[in-house]
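Presented below is the structure to which this report refers.
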Amino acid sequence: MGSLNKVLLIGNLGKDPELRYTPDGLAILKFSIATSEYFNDKSGNKSEKTTWHNIVAFGKMGQTLANYLNKGKQVFVEGRINNRSYDDKDGNKKYISEIVATNIVLLGAKGGAGSGAEITEEGGAAGSNSYAAQGGNAESGYGGAGSQDDDDIPF
């Protein structure tokens, strides 16, 4: 039997994303999103627990999304967990877990809630009044309903 490394998240960006490029020109978009769960504590009071997730989008998907993501934007992220380490400026080893995005859908319409659109690997758009990008293929990127104004959509 094989293994599975798949993550599905819906959350809001905590700050504007950072777009950087490797020396060979690969785009890397990094941002974090918050997910919240609500529960009753031992005293019966409603409580909230927020978890922050580091997200990375590579290539054309990252470049495209950099134009549409900003602090507070709600997104659906599909991807895989990646754990890595690096040495900080003082030489200390640091460990980080991040979600490498394979699909990101912007949720909501301008100033309100709405449905998302998804770009399939075949390049077709299914959906509606928001934007999406599909990863994993250098040729896939941005398209579909994103070029329309919300006022132009018949539903």
**OP:** Find the residue count for the stretch 12-29, including only residues that are part of a loop (DSSP other than H, G, I, E, B), free of Cβ contacts under 8 Å to residues at least 12 places away in the same chain and either of a type in the set (F, W, Y) or touching a strand residue (DSSP E or B) at 6+ places or on another chain (Cβ under 7 Å) (or both).
**Re:** 1
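Listed here are the residues, each with its yes/no results for (1) surrounded by 18 or more Cβ atoms within 10 Å (Cβ to Cβ); (2) touching an Asp or Glu at 6+ places or on another chain (Cβ under 9 Å); (3) modelled with pLDDT under 95.
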{"residue": "G44", "(1), (2), (3)": "no, no, yes"}
{"residue": "E98", "(1), (2), (3)": "no, no, no"}
{"residue": "I119", "(1), (2), (3)": "yes, no, yes"}
{"residue": "A132", "(1), (2), (3)": "yes, yes, yes"}
{"residue": "S140", "(1), (2), (3)": "yes, yes, yes"}
Original post:
Of all the residues that make up the stretch 59-82, how many are touching a Gly at 6+ places or on another chain (Cβ under 6 Å) and under 22 Å from D24 (Cα atoms)?
Top reply: 3
Original post:
Is it the case that N5 is of a type outside the set (D, E, K, R), out of contact with any Phe, Trp or Tyr (no Cβ under 6 Å at 6 or more places or on another chain) and within 14 Å of E78 (Cα to Cα)?
Top reply: yes
Subject >> Condition broken by I55, with the remaining ones in (1) within 20 Å of T22 (Cβ to Cβ); (2) modelled with pLDDT under 95 satisfied >> reply: (2)
Original post:
In the set S3, S32, S43, which member is in a strand (DSSP E or B) and free of Cβ contacts under 8 Å to residues at least 24 places away in the same chain?
Top reply: S32
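Among the candidates G79, G72, G91, which residue alone is under 18 Å from the mean Cα position of the chain (by Cα), among the small types (G, A, S) and more than 17 Å from L4 (Cα to Cα)? Spell out how you get there, then give the answer.
On the way: G79 fails: more than 17 Å from L4 (Cα to Cα); G91 fails: under 18 Å from the mean Cα position of the chain (by Cα).
So the residue among G79, G72, G91 that is under 18 Å from the mean Cα position of the chain (by Cα), among the small types (G, A, S) and more than 17 Å from L4 (Cα to Cα) is G72.
The values are calculated or read from the model by the stated rules, or taken from the named source; none is laboratory data. Values in this document were obtained by computation on a predicted structure and should not be read as measured data. Cβ sites come from the backbone with ideal geometry, for glycine too, and all protein chains shown count toward neighbours.
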